[in-house]
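I have placed the structure first, in the form of structure tokens, so that the comments after it can refer back to it.
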Amino acid sequence: MKGKLLRFLAAALLLAAFLFMTRLGEIFRERTTKNWLAFKLGRQLTYEQRRRSHLDDTFRALLEIKERTPPDAVILFPPRALLREGDVIPLAATASAAYSFIYPRVPVHWGDDAPYKDRVTHVFVYEHWPLAEFWPHVPRTETNRFGVIPWPGDREIP
């Protein structure tokens, strides 16, 4: 009986030493704690809240693009530098990520040399871009901060 107790105590001491005296143990503790909290709190969140906690603001905008444009649309996106400002890089900053959300529509970033550049049918308005340049009469309000506007066919993309 004493032998089993000693083995158990030795294993417990080794486990405690691993968890509290090594970097790997610290990472294990941290991840386990975060996973447990996420599991406990996750049950209280709705599906929409969980999804939005992992994705940035452009997720909502990309879904709007998909709903408001025809499948053969070619959408002009803002410059990548504008999309990458801030703490989180939006999904729309990379063509492959945007394409995976809006397929079969094709994203074309402003300033990029893209093969579909001359076929643009819509413009993705992000943080009021490009309202000042192309539609100066449209007010900069919260409702038109994100959206999709048909591209005027008489203008050329620089």
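The values are calculated or read from the model by the stated rules, or taken from the named source; none is laboratory data. What you see is a predicted model; the values in this text were computed from it and never measured. Every residue, glycine among them, receives a Cβ derived from its backbone with ideal geometry; neighbour counts consider all protein chains shown.
Points worth noting:
- A114 falls short of the stated requirement of being modelled with pLDDT of 80 or more and surrounded by fewer than 13 Cβ atoms within 10 Å (Cβ to Cβ).
- Odd one out for R119, checked against (1) surrounded by 17 or more Cβ atoms within 10 Å (Cβ to Cβ); (2) out of contact with any Pro (no Cβ under 8 Å at 6 or more places or on another chain): (1)
This table checks each residue for (1) closer than 20 Å to F59 by Cβ; (2) in contact with a strand residue (DSSP E or B) (Cβ under 7 Å, 6 or more places away or on another chain).
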| residue | (1), (2) |
| --- | --- |
| T94 | yes, no |
| A98 | yes, yes |
| V106 | yes, yes |
| D112 | no, no |
| P115 | no, no |
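- Selection of the range 41-97 for residues being of a type in the set (S, T, N, Q) and either part of a helix (DSSP H, G or I) or modelled with pLDDT of 75 or more (or both) yields Q49, S53, T58, T69, T94, S96.
- Checking A38, A12, A16 one by one, the residue that is surrounded by 11 or more Cβ atoms within 10 Å (Cβ to Cβ), at pLDDT 80 or above, among the aliphatic types (A, V, I, L, M) and part of a helix (DSSP H, G or I) is A16 and no other.
- Verdict on F124 being within 20 Å of G147 (Cβ to Cβ), within 18 Å of the chain's Cα centre (by Cα), assigned to a helix (DSSP H, G or I) and assigned by TED's automatic domain parsing to the domain that holds P70: no
- Lone qualifier among E142, E133 - being surrounded by fewer than 17 Cβ atoms within 10 Å (Cβ to Cβ), assigned to a helix (DSSP H, G or I) and free of Cβ contacts under 8 Å to residues at least 24 places away in the same chain: E133
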